[in-house]
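Structure record follows, encoded as structure tokens.
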Amino acid sequence: MTEMKYKTPLLDELEKGPWPSFVKEIKKEAHRPMVQDVLGQVERSYEEHISHWKHGGLVGVMGYGGGVIGRYSDLAHEFTNVAEFHTHRVNQPSAWFYTSDALRTLCDIWDRHGSGLTNMHGSTGDIVFLGSTTQAIEPLFKDLTAAGWDLGGSGSNMRTPSCCVGPARCEWACYDTLDACYNITQNFQDELHRPFFPYKWKFKFAGCPNDCVASIARSDCSVMGTWRDEIQVNQAKVLEYAKTVDIENEICDFCPTRCIEWDGKTLEIDNSNCVKCMHCINVLPKALKPGKDRGATILIGGKAPIVGGALLCSVFVPFLEMDPDSDYEDLKELTEAIWDLWGEHGKMRERVGEFIQRVGMSNFLEEIGLDPIPEMVMAPRSNPYIFFDDEIFETEE
Amino acid sequence: MAEDRITDIGPPNYEQFLPPVIKKNYGKWDYHEILRPGVMVHVAESGDKVFTVRCGSPRLLAVTTIRKFADIADKYCDGHLRFTSRNNVEFLLSDESKIDALIAEVEEYGFPVGGMGNSISNIVHTQGWVHCHSAASDASGVVKSVMDELLPHFQNMDLPAKLRVAYACCLNMCGAVHCSDIAILGVHTRAPVIDHGDLPKMCEIPTLVASCPTGAIRPATVDGVNSVEIIEEQCMYCGNCYTVCPAVKINNAQTDGISIWVGGKVSNSRVAPKFSKLAIPFIPNNPPRWPEVVEAVINIVNVYAENARKHERMGEWIDRIGWPKFFELTGIKFTKYHIDDFKHAGETYTRTAQLRH
Ligand code: HEM
Ligand code: HEM
Ligand code: SF4
Ligand code: SF4
Ligand code: SF4
Ligand code: SF4
């Protein structure tokens, strides 16, 4: 056991109890002076109820504008080994699949250049390496790229896209989330590494409306799998389920559009009224499956509260085919049209969702060349403050 | 040196990391079944099976631990594993007979198996005092304290539906907690204190003024130096100014604390995704174990578990019974802070006489 430089009675309390302890994790790397000082400084925060990190000068690798976040101690005179303690975001593989060898390579690299502490993973999706000096950044980057890994995004750029487990291990995936995520990430490398945007832009790829990556809440562009034909039903298996599941109460009653009927023998779905909520499929996974005509709904503009309040994404394209052979051209085209407009007219630190609210959805749609359709709103406007254009007087041909 | 620099290669292609059984049955899965808490099987149209064992993690992991996971994956899974969107670790096996030994080994190493089905999965969270400058509270310590108590719900599937808990240590919400069944959120409650000595040296005044979403900051001359002033009534403690200027100090040991929000969700199942709503506006920081926060979360979980119908998420249950009943059942006090006074506030007022009496 490594000897501890500081006494940490408060943190030691958090080694107790059954849930895995982050304090134990930190102590596992305490053979490094840097990690000893992290323990000392965090214990101080626990005593004083306040953070001792500060935001400081920008750091990064040559030619990139993101991927490394500068972190400095405000007690650097005392905890000298964490005077600099920078965060590195390393772009994760689609759906966070690894082999043991890949993980060992990453561990070896991080062992050589930093604290040995990580987050698996950050909320955007990246592998997060917590804590290195400024000097270590370029050599770390060199080792990473030599082994086939690259940094992720930070700052006002395209952030690292992420995706759900999708077709790799989920029968409900309505398109190939792993391929789409990889394709888009590779296609927009320049936008990922060099911040040219008013603020951050996040893509998240979910294979169905269960949205296991929280794309509707946590991304600017949510690509959510869906279908437009009939739910596939295996009636024999429904009957099997009916022995343990109360179909009327647990399925029909919970369907948001009440489009399912059950007569004790056959499950009848009015697919024209199904809103693809996934409830019936979730509860009867062996009997029901999404339809065969599959693609994705594209929703835009979600974000956490900063700056102007939290937003969920809203519908832009109700159904887009997501054929890998198309190279996702339609998605890329839509994205670039939005980036051009927002890039030119967005204010600093204005996410695209806030930009849309400021300029108005109708103006936004007109500029990017999308027609307004009723799927985009819960209801038409109820207030009469309409700004009319001249085109209202034109007669249709 | 520039010539051998490799850049812009992006992440490695995921295909090289997929287990053979997944490569073979990619996109051809037929159904899945949760065999017991933390263990599921996916069955392919070909009849092939892949078994998943999910275990909880503190997210902050030492390379020593990651190497241990790699060794376990070699021993039981031909070297294959993945991580989930909620920071759990999933071991992927093709051989069912190895499951028990694998579980015994990861649990022995201190990582509990569970988090599937109608359970409480891992708490997605942020950096806190371990690594962020604007944290109103620690993240890992609160999460650890809460999960120590919620563990039975991680290891069982005894809740009416899934219950997602998330934690963020300031309004930036790196963990985007705002759509969770229970969101624990660090809050600053006072406007930042300005160090007028440091400010002119460290910060650009126009950038600082522009950083404030509510326009609370304006240029001012203080004791002869060019600095800024903050109109306190206009500040909502977002800390944006501190991020661009370290001389504007948002952290305050006396007045920072934690708030609790409930009833949000992200999935589209049954009802549309929703934001979490305020339940408890402020609990003072009480490290190392934040007992008041833990107690508040447990109380909400228990009341929900006793009262919700099967399949109802927290927000669906509250919508059915109404917010007055939620406050009555949980014993949480309704205060003036619960009434929205930010943009679009009026949308949350009750504008109908449809009430439960
Ligand atoms: C400089 C101090 C900050 C630190 C150390 C920090 C740390 C982090 C980390 C480690 C992540 C996850 C990273 C990843 O997965 O790539 C993250 C994500 C995020 N950060 Fe920060 N952050 C900081 C400042 C901010 C600020 C100023 C904002 C907002 C104005 C912000 C908003 C977010 C959001 C919304 C996410 C991602 C949420 C999601 O994808 O679910 N952070 N942050
Ligand atoms: C084949 C069935 C499913 C698979 C393979 C699957 C896969 C996953 C995985 C791997 C995660 C992250 C794991 C974790 O919590 O540790 C996750 C999270 C999630 N799942 Fe699923 N899931 C399935 C079914 C469902 C269902 C039935 C729902 C909703 C009714 C759902 C909604 C969610 C949500 C909301 C999250 C959390 C996202 C977040 O907050 O980060 N999933 N799912
Ligand atoms: S979002 Fe849908 S397709 Fe993706 S893992 Fe979740 S349930 Fe499966
Ligand atoms: S998916 Fe949802 S809306 Fe569609 S039939 Fe099933 S329960 Fe009803
Ligand atoms: S939520 Fe706030 S305090 Fe916590 S890591 Fe993110 S920016 Fe820092
Ligand atoms: S904390 Fe936020 S609202 Fe308050 S002054 Fe700073 S930027 Fe403005």
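Compute all pairwise cysteine Cβ distances in chain A, then list the cysteines with no distance under 4.7 Å to another cysteine.
Cysteines lacking a close Cβ partner in chain A: A:CYS107, A:CYS170, A:CYS174, A:CYS208, A:CYS221, A:CYS252, A:CYS255, A:CYS259, A:CYS274, A:CYS277, A:CYS280, A:CYS313.
What's the local net charge at B:VAL225, with K and R +1, D and E -1, over the other residues with C-beta under 13 Å away?
-3
For region A:232-289, what is the charge dipole size about the Cα centre, in debye to the nearest 20, if Lys and Arg each add +1 at the Cβ and Asp and Glu each add -1 at the Cβ?
Values: 7 positive and 9 negative charges, 66 e Å.
Once rounded to the nearest 20, the dipole reads 320 debye.
Kindly state, as a whole number, the per residue volume in cubic angstrom of the convex hull around the alpha carbon atoms of chain B.
On the way: hull volume 71.0 nm³, N = 357.
About 199 Å³ per residue, rounded to a whole number.
Under the classification rounded if a/c is under 1.5, otherwise prolate if a/b is larger than b/c and oblate if not, where does region B:1-127 fall, given a ≥ b ≥ c as square roots of the Cα gyration tensor eigenvalues?
Here region B:1-127 falls in the oblate category.
Would you work out the charge dipole size for the protein assembly as shown about its Cα centre, treating the Cβ of every Lys and Arg as +1 and the Cβ of every Asp and Glu as -1, and quote it to the nearest 20 debye?
Its charge dipole is roughly 2020 debye.
Consider just the alpha-carbon atoms of region B:146-263 and return their Rg together with their Dmax, both in angstrom.
Gyration radius and largest Cα-Cα distance of region B:146-263: 18.8, 65 Å.
Please compute the alpha carbon radius of gyration of region A:9-146, then divide it by the globular-protein estimate 2.2 N^0.38 Å. Two decimals is fine.
Against the compact-globule rule of thumb, the ratio is 1.08.
Relative to the Cα centre, what is the charge dipole magnitude of region A:199-252, using +1 at the beta carbon of each Lys and Arg, -1 at the beta carbon of each Asp and Glu, and rounding to the nearest 20 debye?
In total the dipole reaches around 480 debye.
When the distances between all Cα atoms of region A:171-252 are binned every 5 Å from zero, what whole-number percent does each bin get?
For region A:171-252, the pair-distance distribution reads 3, 12, 15, 16, 15, 12, 9, 7, 4, 4, 3, 1.
Taking the Cα centre of each part, how many Å lie between region A:1-64 and region A:142-183?
Between the Cα centre of region A:1-64 and that of region A:142-183, the gap is 30 Å.
If the viscosity is 1.306 mPa s and the temperature 10 °C, what translational diffusion coefficient in µm²/s does Stokes-Einstein give for region B:54-211 when Rh comes from Kirkwood over Cα pairs? Display every interim value, and only then the final one.
On the way: Rh = 18.0 Å.
Translational diffusion coefficient: 88 µm²/s.
Of B:VAL222, B:VAL130, B:VAL113, which is the most mobile in a GNM of chain B whose springs link Cα atoms less than 10 angstrom apart?
The residue that fluctuates most here is B:VAL222.
Tally Lys and Arg at +1 and Asp and Glu at -1 over the other residues with C-beta under 13 Å from the C-beta of A:LEU239: what net charge comes out?
Within the 13 Å Cβ shell, the charges total +2.
Are there cysteines in chain B with no second cysteine's Cβ under 4.7 Å away, and if so, which?
Taking the Cβ cut-off of 4.7 Å, the unpaired cysteines of chain B are B:CYS55, B:CYS77, B:CYS132, B:CYS169, B:CYS170, B:CYS174, B:CYS179, B:CYS212, B:CYS235, B:CYS238, B:CYS241.
Starting at the first residue of region B:149-162, write each ³J(HN,Hα) from the Karplus equation 6.51 cos²θ - 1.76 cosθ + 1.60 with θ = phi - 60°, in whole Hz, x for Gly and Pro.
Along region B:149-162, the couplings run 7, 7, 3, x, 6, 6, 8, 10, 10, 9, 9, x, 7, 5 Hz.
Which residue, chosen from A:TRP172, A:CYS252, A:THR160, occupies the Cα position most advanced towards the positive end of the dipole of region A:147-289, where the dipole is computed from +1 (Lys, Arg) and -1 (Asp, Glu) charges on Cβ about the Cα centre?
Going by the charge dipole, the pick is A:THR160.
With no solvent and one equal point scatterer placed on each C-alpha of chain A, evaluate the Debye formula and give log10 I(q)/I(0) for q = 0.07 Å⁻¹, two decimals.
-0.44
Amide H of A:LEU151 versus every other amide H placed in the peptide plane: which residues, excluding those fewer than 5 positions away on the same chain, fall under 5 Å?
A:ASN91
GNM on chain A, C-alpha springs below 10 Å: top fluctuator among A:THR226, A:THR99, A:THR80?
A:THR99
Probe radius 1.4 Å, ligands and nucleic acids left out: can you give me the accessible area buried at the A-B interface, summed over both chains, in Å² to the nearest hundred?
That pair of chains buries around 10200 Å² in total.
With every protein chain left in place, what is the accessible area per residue of region B:195-317 in square angstrom, probe 1.4 Å?
For region B:195-317, the solvent-accessible area averages 41 Å² per residue.
Carbon and sulfur atoms: what percent of the 1.4 Å accessible area of region B:7-117 do they account for?
Roughly 45 percent, rounded to a whole number.
Could you state the number of Å between the C-alpha centres of region B:167-206 and region B:1-68?
Here the answer is 35 Å between Cα centres.
Past 21 Å, Cα to Cα: identify those pairs from B:LYS28/B:LYS68; A:LYS289/A:LYS332; A:LYS276/B:LYS343; A:LYS200/B:LYS201; B:LYS162/B:LYS277; A:LYS204/B:LYS343, in the order given.
Beyond 21 Å: B:LYS28/B:LYS68; A:LYS289/A:LYS332; A:LYS276/B:LYS343; A:LYS200/B:LYS201; A:LYS204/B:LYS343.
Identify, among A:TRP110, A:MET34, A:THR80, the residue whose Cα sits farthest towards the positive end of the charge dipole of region A:1-157, taking +1 on the Cβ of Lys and Arg and -1 on the Cβ of Asp and Glu, with the dipole about the Cα centre.
The one lying farthest along the dipole's positive direction is A:TRP110.
Provide the net charge surrounding A:GLY67, with neighbours chosen by a C-beta distance below 11 Å and charges set as Lys +1, Arg +1, Asp -1, Glu -1. Don't skip to the answer; put the middle values down first.
Numbers: positive: A:ARG89, A:ARG159, A:ARG194; negative: A:ASP126, A:ASP150.
With Lys, Arg at +1 and Asp, Glu at -1, the neighbours total +1.
Under 10 Å, Cα contacts only: if you run a Gaussian network model on chain B, which one of B:PRO273, B:PRO324, B:PRO11 comes out with the highest mean-square fluctuation?
Looking only at B:PRO273, B:PRO324, B:PRO11, the largest GNM fluctuation is found for B:PRO11.
Using only C-alpha atoms and all pairs of different ones, pull out the Kirkwood radius for region A:101-165 in Å with one decimal.
12.7
Return the calculated 222 nm mean residue ellipticity for the protein assembly as shown, to the nearest 500 deg cm²/dmol, obtained by summing -39500 (n - 2.57) across DSSP H runs with n ≥ 4 and dividing by the residue count. Please list the in-between numbers first.
Values: 24 runs with 216 residues, N = 754.
Per the formula, -8000 deg cm²/dmol.
Could you tell me how far the Cα centroid of region B:225-262 sits from the Cα centroid of region B:87-112, in Å?
So the two Cα centres are separated by 45 Å.
Taking the square root of 5 times each eigenvalue of the Cα gyration tensor, what semi-axes in Å does the equivalent ellipsoid of the protein assembly as shown have, largest first?
For the protein assembly as shown, the semi-axes come out at 37, 33, 28 Å.
How would you classify region B:219-342 from its alpha-carbon gyration tensor, with a ≥ b ≥ c the square roots of the eigenvalues: rounded for a/c under 1.5, else prolate if a/b is greater than b/c, otherwise oblate?
In terms of gyration-tensor shape, prolate.
The values are calculated or read from the model by the stated rules, or taken from the named source; none is laboratory data. Computed from a predicted model, the values in this text were never measured in an experiment. As a convention, Cβ positions derive from the backbone with ideal geometry for all residues, glycine included, and neighbour counts pool all protein chains shown. To get the accessible areas, we keep the full protein, side chains included, count just its heavy atoms, and leave off ligands, DNA and RNA. Shrake-Rupley method; radii C 1.70, N 1.55, O 1.52, S 1.80 Å.
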